[in-house]
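All remarks here apply to the structure that follows.
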Amino acid sequence: MGDSDILKLGQRVIAIGNALGEFQNTVTTGVVSGIGRNITASGGAQTEKLTEVIQTDAAINPGNSGGPLINLSGEVVGVNTAVSESAQLIGFAIPINQVKKVVDDVQEFGKVRRPFLGVRYSIITPSFALLNQLTVDYGILLTGGDSSEPAVVPGSPAAAASLKDGDIVLEIDGAKITSEQPLVDILRKYDPGDRVILKILSGGTESTVSVTLGEAQ
């Protein structure tokens, strides 16, 4: 197994798969043409958002999904998963480090574990900030619905950290929360039980708070 976190743009890669479900062990070559792409993949009536995927111009055809994307050292750096239907030589692979995390969880715990903060929120964009007269144009504004949907889930890690309705969470461990880098994508990098530092804006004052992430049920 390789390390997908150290891939570089322009790095040579090899895609292997069963092209069109008919031609077994088809090998194509190309380069890493994009890193950290967010795409929406569809298959039949189902769609799925894939985040932080690798883009490559190595030919990936229907039937190649699940095949390895390999570097020139023979290490698997990704799992081929999708191809653009509207353009040629634009394929995507799930980074192997994401796959490793899933495999490790299943082997150790018998399931995939997801971290949990316990907040309901609106994503802050420049237009949202202007409309709501906010002093920042990124982060998440903690806001709930009725009494059955509070901004901060009772008993959650966010509640233990004394977060409340109207607070703005700006960063997690220095990573800004934006529409391009949403909360769910940042949290995906952590495990339940990990301790993170939140930068928050509450009552016009910025501060930091330490939170131990829970496990999503």
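So, in region 152-199, of the ones that are among the β-branched types (Val, Ile, Thr) and either in contact with a helix residue (DSSP H, G or I) (Cβ under 9 Å, 6 or more places away or on another chain) or outside the structural domain of ASP137 (by TED's automatic domain parsing) (or both), which residue ends up surrounded by the fewest Cβ atoms within 10 Å (Cβ to Cβ)? Walk me through it before giving the result.
Taking region 152-199 first, the residues among the β-branched types (Val, Ile, Thr) are 152-153, 168-169, 172, 177-178, 184, 186, 196-197.
Within this subset, residues satisfying the condition of being either in contact with a helix residue (DSSP H, G or I) (Cβ under 9 Å, 6 or more places away or on another chain) or outside the structural domain of ASP137 (by TED's automatic domain parsing) (or both) are 152-153, 169, 172, 177, 196.
Values: VAL152: 23, VAL153: 17, VAL169: 24, ILE172: 21, ILE177: 25, VAL196: 21.
For region 152-199, the residue satisfying everything is VAL153.
Taking region 170-217 only, how many residues are basic (Lys, Arg) and either assigned to a loop (DSSP other than H, G, I, E, B) or more than 22 Å from GLY155 (Cα to Cα) (or both)? Full working, then the answer.
At the first step, the residues of region 170-217 found to be basic (Lys, Arg) are 176, 188-189, 195, 199.
Narrowing the set further to residues that are either assigned to a loop (DSSP other than H, G, I, E, B) or more than 22 Å from GLY155 (Cα to Cα) (or both) leaves 176, 188-189.
Of the residues in that region, 3 qualify.
Need at least 1 residues that are in the same structural domain as VAL211 (by TED's automatic domain parsing) per element, so show me which strands (runs of 3 or more DSSP E) inside region 41-151 make the cut, counting only ones lying wholly within it. Spell out the reasoning first.
Numbers: elements: 46-56, 68-71, 76-83, 91-95, 121-123, 140-142.
Counting at least 1 such residues, we get 121-123, 140-142.
May I ask you to say which residue of LEU117, LEU130 is surrounded by 13 or more Cβ atoms within 10 Å (Cβ to Cβ) and closer than 30 Å to ASP165 by Cα?
On the way: LEU130 fails: surrounded by 13 or more Cβ atoms within 10 Å (Cβ to Cβ).
Only one candidate passes the filter, namely LEU117.
Does GLY166 fit the bill of being touching a Lys or Arg at 6+ places or on another chain (Cβ under 7 Å), in a loop (DSSP other than H, G, I, E, B) and of a type outside the set (D, E, K, R)? Outline the logic, then answer.
On the way: touching a Lys or Arg at 6+ places or on another chain (Cβ under 7 Å): no; in a loop (DSSP other than H, G, I, E, B): yes; of a type outside the set (D, E, K, R): yes.
So GLY166 does not fit the description; no.
Could you figure out which of (1) at pLDDT 95 or above; (2) farther than 21 Å from LYS189 by Cβ isn't true of GLY144?
Failed condition: (1).
The values are calculated or read from the model by the stated rules, or taken from the named source; none is laboratory data. Not measured: the values here are computed from a predicted model. Methodologically, a virtual Cβ is constructed for each residue, glycine included, from the backbone with ideal geometry; neighbour enumeration extends over all protein chains shown.
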